[in-house]
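Only one structure is covered here, and it is reproduced in the block below.
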Amino acid sequence: MVASIYTPAEENKAIWVYLEHENGALENVSLEMLAKARQLADQAGWPVVSLLLGNGIRELGEQAIAHGADEVRLAVHPLLEHFTIEAYAHVAYQALLEAKPGVFLLGATPNGRDLAGRLAVRLRTGLNADCTQLRLDPEADVLVCEVSGFGGGVLALIEMKHHRPQMATVRPGVFDALVPDPKRAGDVIPIPLDLTEDMVHTRVVERVTGEGVDISRAEVLVAGGRGVEGDFAMLTELARLLGGEVGATRPPVDEGHIERERQVGQTGVVCSPRVAICCGISGAFHFVVGVEKAGTVIAINADPEAPIFDHADFCIVGDVQQVLPALIRELRQRQGAHA
Ligand SMILES: Cc1cc2nc3c(=O)[nH]c(=O)nc-3n(C[C@H](O)[C@H](O)[C@H](O)COP(=O)(O)OP(=O)(O)OC[C@H]3O[C@@H](n4cnc5c(N)ncnc54)[C@H](O)[C@@H]3O)c2cc1C
């Protein structure tokens, strides 16, 4: 077995969290990881340290402390203005090597995954990808990561006993961020930098923002299953009237009725809307994990025995082709009356 660059005996007991940011704000997944790290660290008596790289982002360090970090390791440099794997991996690697944390968490986002893979190879450690739960066993000094494998068919608990840092990417939406406490105190420590232009071979020529949708942030989710028979127009109209987004179970996605980014569930997106309206959905475990954090679940299903009703706050036994048009009519009338 190849040894990691530093060993468990050399680690410093700390949970490090890599912070992603966009347009001057920390990404939700970073705040969610800080909350989970805070909980684990409190149980173990370890500190939470966040790793923040960028340019013109100093105030984000304060935000990280308000959201649970004890300390922020901060790298500010023009070459860190945009994420480039060479510059970010170089700085993060130096910082990790110097501090030797026991645990290092990153978001399971495109950039988080990219950085995590590079760093794991350089540090010669393992990487638990796309974790949906984390537990720290301070007695054994080990992080236990829950990972779903084989497309969600298997839930595995993975621990890394002999390599450090114990790295994991965390799926967005599975943990709740803390309410920020502006009175929390913490240290912001600059990372010494030796970045030069010749180290960075990627140049950002233009940034194009796609039209993709992030249903994990929707306040209202109108989700359709096989029971809507591919007719997502009604659901789209209902979502529009309620200021929400449309989601789907896997079958309509597989059948090409709706984009994959709208799939809710274990192999899709974990959502936490205030209200989820589940239309023509049976309530399979793989789907339910994607809406179990919803404030209120309303289910519409023709089958009174459908398992989705076990997870719903309001159960409507009926045909979606009748219930949805009636709902839409009623909402249009009310909104017309208030216009
Ligand atoms: C490894 C793995 C990973 C998976 N990951 C996911 C995932 O991330 N997300 C996901 O959703 N699924 C996932 N699945 C699939 C999952 O197990 C279920 O098969 C799927 O969620 C079922 O989708 P459904 O409820 O739309 O369809 P069905 O189970 O076929 O249910 C359709 C429902 O519609 C009702 N219905 C039919 N007609 C009407 C009508 N006119 N009006 C009202 N109700 C009606 C029926 O009574 C039925 O309850 C995964 C499966 C596997 C094996």
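Values for this structure:
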| item | result |
| --- | --- |
| Charge tally in the Cβ shell below 9 Å around ILE191, where Lys, Arg are +1 and Asp, Glu are -1, ILE191 excluded | 0 |
| Of all accessible heavy-atom area on segment 212-298, the percent that carbon and sulfur account for (1.4 Å) | 49 percent |
| Estimated vicinal HN-Hα couplings, Hz - segment 174-191 in sequence order (Karplus 6.51, -1.76, 1.60; Gly, Pro = x) | 8, 10, 9, 5, 7, 5, x, 10, x, 7, 5, 10, x, 9, 10, 10, x, 8 |
| Accessible area expressed per residue, the chain, with surrounding protein chains retained (probe 1.4 Å, Å²) | 48 Å² |
| Over the chain: helical MRE at 222 nm, DSSP H runs n ≥ 4 each giving -39500 (n - 2.57), nearest 500 | -8500 deg cm²/dmol |
| Sequence of ASP137, ASP313 when ordered by accessible area, the most exposed leading, probe 1.4 angstrom | ASP313, ASP137 |
| Degrees, to the nearest 10: 233-242 long Cα axis against longest axis of the chain | 70 degrees |
| Alpha-carbon Debye profile of the chain, log10 I(q)/I(0) at 0.10 Å⁻¹ | -0.67 |
| J(HN,Hα) series, segment 124-132, from Karplus relation 6.51 cos²θ - 1.76 cosθ + 1.60, nearest Hz, glycine and proline x | 6, 10, x, 9, 8, 9, 6, 6, 10 |
| TYR93/VAL179 FRET efficiency (R0 45 Å; Cβ-Cβ; nearest 0.05) | 0.85 |
| Count of Lys pairs (Cα-Cα under 29 Å; at least 8 positions apart or interchain) in the chain | 11 |
| Solvent-accessible area, 1.4 Å probe, carbon plus sulfur percent, for segment 1-97 | 49 percent |
| Alpha carbon convex hull of segment 1-106, projected area averaged over orientations, nm² | 7.0 nm² |
| Estimated vicinal HN-Hα couplings, Hz - segment 33-45 in sequence order (Karplus 6.51, -1.76, 1.60; Gly, Pro = x) | 5, 4, 5, 5, 4, 4, 4, 5, 5, 5, 5, 9, x |
| Of the trypsin sites (Lys or Arg not before Pro) in segment 246-317, those whose Cβ has at most 11 other Cβ within 10 Å and which sit in DSSP loop | none |
| Computed P(r) (all Cα pairs; segment 193-283; 5 Å bins; percent) | 3, 14, 21, 20, 12, 5, 5, 6, 6, 5, 3, 1 |
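The values are calculated or read from the model by the stated rules, or taken from the named source; none is laboratory data. Since the model is a prediction, treat every value here as computed from it, not as a measurement. Cβ sites come from the backbone with ideal geometry, for glycine too, and all protein chains shown count toward neighbours. Keep in mind that these areas ignore ligands, DNA and RNA; they rest on the heavy atoms of the full protein, side chains included. Shrake-Rupley method; radii C 1.70, N 1.55, O 1.52, S 1.80 Å.
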